[in-house]
1. Could you calculate the FRET efficiency of residue 13 with residue 280 from 1/(1 + (r/R0)^6), where r is the beta carbon distance between them and R0 is 30 Å, rounded to 0.05?
2. As a footprinting exposure proxy, order 184, 160 by other Cβ within 10 Å, with the fewest listed first.
3. Enter the angle in degrees (range 0 to 90, nearest 10) between the Cα long axis of helix 207-230 and the first principal axis of the Cα atoms of the chain, meaning the one along which they spread out most.
4. Find the relative contact order for the chain and round it to a whole percent, using C-alpha pairs within less than 8 Å whose residues are 6+ positions apart.
5. Would you list 214, 12 from fewest to most Cβ contacts within 10 Å?
6. Mean separation of Cα pairs under 8 Å and 6+ residues apart, divided by the residue count of the stretch 177-289: what relative contact order is that in percent?
7. The list (i) 20.6, 64; (ii) 23.4, 95; (iii) 19.4, 56 gives values of Rg and Dmax of the Cα atoms in Å, and only one came from this structure; which label was calculated from it?
8. So what is the calculated 222 nm ellipticity per residue for the chain, using -39500 (n - 2.57) for each DSSP H run with n of 4 or more, over all residues, to the nearest 500 deg cm²/dmol?
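Since every read-out is calculated from the coordinates, none of them should be taken as a lab result. Because the structure is a prediction, the values reported are computed rather than measured. Methodologically, a virtual Cβ is constructed for each residue, glycine included, from the backbone with ideal geometry; neighbour enumeration extends over all protein chains shown.
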């Protein structure tokens, strides 16, 4: 439970800054544990976006200056829509209806927000329907997509969203020799191809093992960003040594590459070609540092 509280605190620290600095994105993908549990936190984020009180924050919601927060709590805010799957998938017709409805002006002269629950249930047809909505958003429309696993979401959708997380982390990353070796080779760059055969034979043996290792690498990078900003995060000393000369900007590039490439493993792709692709992109980050 303490881990979950910490995760929620991190989430609202981030969204507080997004709202205060007026850095709102047009689309968010938020990893959650359970919709029924986390919807109250999602609604808090929506209230922070929509409330007219300029001092609004997670700790100052339901202000006395407007009734927006109250309407959202009561599920009566007219410019907030929640789309959920009709059976196994979210259907194209549901999203066409949403797009049609959001062609009209806001009833309250405010931003309009729509939430898509279980965004991993967008199939190719429904995803294509919503894609242009995400690619060419109107100024006052904000999308919030929810999932319990970002890597199940279609890549074209994932790549157009800013990713946030309320998802509970089950445990600290188990940093073993294989993980350290892979991290060192990624940071070295060209070594990924120099040691290509031994990586495939001994560490990145198959798609599933690679997926889990790269998820751990991504989490190491995220933990290191927290360490860089707070200098308080508990982080493996060897990891700090490996990453100490890497800038925040380049850490973010590594994270973006992994987030872009990992969803492809969910499809029927050639594993060796996938490795070639992700290795090439990781090597380019290192080249740009030189």
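1. 0.30
2. In increasing order of surrounding Cβ atoms, one gets 184, 160.
3. Here the helix axis deviates by roughly 70 degrees.
4. Details: 332 pairs, mean separation 58.8, N = 290.
Rounded, it is 20 percent for the chain.
5. Fewest to most other Cβ atoms nearby, the residues stand as 12, 214.
6. That works out to 37 percent.
7. Computed from these coordinates, Rg and Dmax of the Cα atoms in Å corresponds to label (i).
8. -16000 deg cm²/dmol
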